[in-house]
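A short write-up of the structure that comes next.
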Amino acid sequence: MSGGFLLVLSGPSGSGKGTVSQAIMKENKEIIFSTSVTTRTPRPGEVNGENYFFVSKTKFEQMVEKDELLEHAFVHTNYYGTPKQFVFDQIEKGEIVLLEIDVQGALQIKKKYKEAVFIFLIPPTMEELRNRLVKRDTESEEEINTRFKNAFRELDFVGEYDYFVINDKVSQAVIDIENIIAAEKLRVKRHKDIKSEVLKEKEKI
Ligand code: 5GP
């Protein structure tokens with residue numbers, strides 16, 4: 001095992017996943033963000049290759065057929081997926097890779113990668129969740145309603161995750177996630193050489 005691992009962050013639309021993961025990336029340069037592929041149209045200000053790789057439905061289907069995605073799902077009204085090769089390359093290098101994906105995708109990853117770490121971000125209240133969706137002003141009323149309904153369903157899956165973080169204050173949510181990362185880095189199973197290094201030291205005494 002190289003020490004690198006997948007950090008899967010899920011939570012309903014409006015839980016603040018985007019804001020929290022951006023803050024984590026800003027303060028922890030060693031964490032690599034996995035840019036997803038989506039068939040959704042870009043929102044104002046979103047940059048291709050940064051926020052997402054924006055592709056056509058045909059291109060997305062080709063990627064699925066060629067087995068280029070680690071997981072993929074139909075979320076709200078569009079397809080989303082995680083490019084496989086990039087993630088494998090980073091893990092191989094010993095990096096921590098952050099995947100900001102929905103519950104369906106997280107469950108697919110859970111089946112395949114036992115060493116991944118799963119965090120579920122919970123908004124402080126349902127009212128706050130709706131406020132955040134409305135304030136974001138990027139979706140139509142119909143889309144907001146779809147996302148709000150889906151949020152109810154997604155919350156049922158918190159039991160599938162290793163950790164939950166309540167996103168009342170972004171700064172506290174970031175600290176909670178950094179603490180999880182710090183603990184996960186110290187997991188014995190991620191460091192197969194610990195024992196032999198200690199033994200080598202011991203031999204010198
Ligand atoms: P949004 O359209 O607001 O950027 O994202 C909508 C939902 O799709 C969010 O819950 C987000 O976490 C999820 N999502 C983004 N990228 C991926 C991905 O690669 N795979 C899956 N399964 N979900 C994703």
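When the residues of the range 56-73 are narrowed to those that are among the aliphatic types (A, V, I, L, M) and in a helix (DSSP H, G or I), which ends up surrounded by the most Cβ atoms within 10 Å (Cβ to Cβ)? Show your work before the answer.
Step one: list which residues in the range 56-73 are among the aliphatic types (A, V, I, L, M), which gives 63-64, 69-70, 73.
With the extra rule that they be in a helix (DSSP H, G or I), the set shrinks to 63-64.
On the way: Met63: 19, Val64: 13.
Among them, the one singled out is Met63.
Would you mind finding the one in Ile91, Ile109 that is more than 18 Å from Val20 (Cα to Cα), outside any strand (DSSP E or B) and at pLDDT below 95?
Details: Ile109 fails: at pLDDT below 95.
Of Ile91, Ile109, the one residue that is more than 18 Å from Val20 (Cα to Cα), outside any strand (DSSP E or B) and at pLDDT below 95 is Ile91.
Return the pairs, sorted by first residue and then second, in which the second residue is aromatic (Phe, Trp, Tyr) and modelled with pLDDT of 95 or more, the first residue lies in the range 97-123 and is more than 14 Å from Ser34 (Cβ to Cβ) and near the ligand (Cβ under 10 Å from one of its atoms), the beta carbons are less than 7 Å apart, and the residues are 6+ apart or on different chains.
Pairs found: Val103/Phe157.
Name the one entry in Glu178, Glu142, Glu201 that is over 13 Å from Gly11 (Cβ atoms), more than 14 Å from the ligand (Cβ to nearest atom) and surrounded by 13 or more Cβ atoms within 10 Å (Cβ to Cβ). Spell out the reasoning first.
Numbers: Glu142 fails: surrounded by 13 or more Cβ atoms within 10 Å (Cβ to Cβ); Glu201 fails: surrounded by 13 or more Cβ atoms within 10 Å (Cβ to Cβ).
Every option except Glu178 fails the conditions.
Among the residues of the range 59-87, how many are within 11 Å of the ligand (Cβ to nearest atom), within 15 Å of the chain's Cα centre (by Cα) and not charged (D, E, K, R)?
Selection size over the range 59-87: 10.
In the range 19-26, is there at least one residue being small (Gly, Ala, Ser), within 12 Å of the ligand (Cβ to nearest atom) and either surrounded by fewer than 15 Cβ atoms within 10 Å (Cβ to Cβ) or on the phi < 0 side of the Ramachandran plot (or both)? Reasoning before the result, please.
Restricting attention to the range 19-26, the residues satisfying the condition of being small (Gly, Ala, Ser) are 21, 23.
Retained after the next criterion (residues that are within 12 Å of the ligand (Cβ to nearest atom)): 21.
With either surrounded by fewer than 15 Cβ atoms within 10 Å (Cβ to Cβ) or on the phi < 0 side of the Ramachandran plot (or both) added as a condition, the list becomes 21.
Scanning the range 19-26, I find at least one residue that is small (Gly, Ala, Ser), within 12 Å of the ligand (Cβ to nearest atom) and either surrounded by fewer than 15 Cβ atoms within 10 Å (Cβ to Cβ) or on the phi < 0 side of the Ramachandran plot (or both), so the answer is yes.
I need the full set of residues from the range 159-169 which are surrounded by 14 or more Cβ atoms within 10 Å (Cβ to Cβ) and within 14 Å of the ligand (Cβ to nearest atom), in order please.
The answer is Tyr161, Asn167.
Being among the β-branched types (Val, Ile, Thr), surrounded by 21 or more Cβ atoms within 10 Å (Cβ to Cβ) and under 14 Å from the mean Cα position of the chain (by Cα) is the filter; apply it to the range 88-108 and report the residue that is farthest from Lys57 (Cα to Cα).
It comes out as Val97.
For the range 132-205, which helices (runs of 4 or more DSSP H) that fit wholly inside it have 1 or more residues that are modelled with pLDDT of 85 or more and farther than 22 Å from Phe120 by Cβ?
Numbers: elements: 141-155, 170-185, 194-204.
Qualifying helices (runs of 4 or more DSSP H): 141-155.
Taking the range 34-55 only, how many residues are under 16 Å from Leu99 (Cα atoms) and either in contact (Cβ under 8 Å) with a residue 24 or more places away in the chain or in a strand (DSSP E or B) (or both)? Even if it seems obvious, please write down each step before you answer.
Here is the first cut: in the range 34-55, the ones under 16 Å from Leu99 (Cα atoms) are 34-38, 49-53.
Restricting the remaining residues to those that are either in contact (Cβ under 8 Å) with a residue 24 or more places away in the chain or in a strand (DSSP E or B) (or both) gives 34-38, 52-53.
Here the count works out to 7.
The values are calculated or read from the model by the stated rules, or taken from the named source; none is laboratory data. Here the structure is a predicted model, which means the values were calculated and not measured. No Cβ is skipped: glycine too gets one built from the backbone with ideal geometry, and neighbour counts run over all protein chains shown.
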